[in-house]
1. Give region 44-73 a look and list any residue that's over 19 Å from Leu188 (Cα atoms) and among the aliphatic types (A, V, I, L, M), or say none.
2. Would you mind stating whether Asn61 is among the polar types (S, T, N, Q) and open to solvent by 50 Å² or more (accessible area, probe 1.4 Å)?
3. Need the failing condition index for Leu96 against (1) part of a strand (DSSP E or B); (2) touching a His at 6+ places or on another chain (Cβ under 9 Å), just the number.
4. Residues that are over 23 Å from Phe75 (Cα atoms) and of a type in the set (D, E, K, R): find the helices (runs of 4 or more DSSP H) completely inside region 114-210 holding 2 or more of those.
5. Which count do you get for residues in region 92-106 that are closer than 20 Å to Ala73 by Cβ and either at pLDDT below 95 or open to solvent by less than 10 Å² (accessible area, probe 1.4 Å) (or both)?
6. Go through region 67-101 and give me each residue that's over 22 Å from Leu142 (Cα atoms), without any contact (Cβ under 8 Å) to a residue 40 or more places away in the chain and not small (Gly, Ala, Ser).
7. Quick test of your reading of the structure: Thr206 fulfils all but one of (1) more than 24 Å from Met60 (Cβ to Cβ); (2) surrounded by 15 or more Cβ atoms within 10 Å (Cβ to Cβ); (3) among the β-branched types (Val, Ile, Thr). Name the failing condition by number.
8. Could you give me the residue pairs with C-beta distances under 9 Å whose first residue belongs to region 107-119 and is over 19 Å from Ala59 (Cα atoms) and modelled with pLDDT of 95 or more, whose second residue is not in a helix (DSSP H, G or I) and not charged (D, E, K, R) wherever it lies, and which are 6+ apart or on separate chains?
Amino acid sequence: MKTDIKERMNRILRAEAEAVLSIPVTDAYARAVEMIVENVNRRGGKLVTSGMGKAGQIAMNIATTFCSTGTPAVFLHPSEAQHGDLGILQKNDLLLLLSNSGKTREIIELVELARNLNPQIPIIVITGDRESILAGLADVALFTGGAPEVCPLGMTPTTSTTIMTVMGDVLVVSVMEEIGFRVEDYALRHHGGYLGHKSKEAVARTDSES
């Protein structure tokens, strides 16, 4: 008999919620946040995120969220980096690399290429394997906790991408708080759509109350 969709949904929700709650909370987050604030918000560099496949989609989302909250960021495709896009790296930039296995060939190669161009570039890594090659190359490594994927095959990135998204949110919100990012700053970056309208309303209320 087929599993009831509600039963399946509850099982998946519980598994992913437990995986999020099992993310290791370590001092590495404070170091990662300080690196981002120092290099981007104080020295004028930018955060360059990268990942391959599904992890790359999460890395792209993290970059756009940072951009909208006062920290310039850009996504660099690891394969395109080998065909000239590596030139986007400049002084004071830092890398945020995502790989659940920590063994993704294109990301490992990106580290080598980036350090050939700028030997001092700081690197933050999000990975599920503490002993991986990528973790060993990082200045700061943030670990997902290694929860199994909810995919019935145990292969499709599902739980791992959820966790990476949450970890990205932790970094974004922490940096926002460190730099004192305000709704006025948000409104300057959002001029269209619902969020643009909502942020401008919030600014107008603040002005009327002052």
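1. Leu47, Val48, Met52, Ala55, Ile58, Ala59, Met60, Ile62 - these are the residues of region 44-73 that are over 19 Å from Leu188 (Cα atoms) and among the aliphatic types (A, V, I, L, M).
2. Here the answer is yes, as Asn61 does meet what is asked.
3. Leu96 satisfies every listed condition except (2).
4. Those helices (runs of 4 or more DSSP H) span 193-209.
5. Qualifying residue count, region 92-106: 7.
6. Of everything in region 67-101, those that are over 22 Å from Leu142 (Cα atoms), without any contact (Cβ under 8 Å) to a residue 40 or more places away in the chain and not small (Gly, Ala, Ser) turn out to be Glu80, Gln82, His83, Asp85, Leu86.
7. (2)
8. Taking only residues 6 or more apart or on different chains, the pairs are Arg115/Ile121; Arg115/Ile123; Leu117/Leu89; Asn118/Leu89; Asn118/Gln90.
The values are calculated or read from the model by the stated rules, or taken from the named source; none is laboratory data. What you are looking at is a predicted structure, and each value in this text was computed from that prediction instead of being measured. Methodologically, a virtual Cβ is constructed for each residue, glycine included, from the backbone with ideal geometry; neighbour enumeration extends over all protein chains shown. With ligands, DNA and RNA removed, areas are computed over all heavy atoms of the protein, side chains included. Shrake-Rupley method; radii C 1.70, N 1.55, O 1.52, S 1.80 Å.
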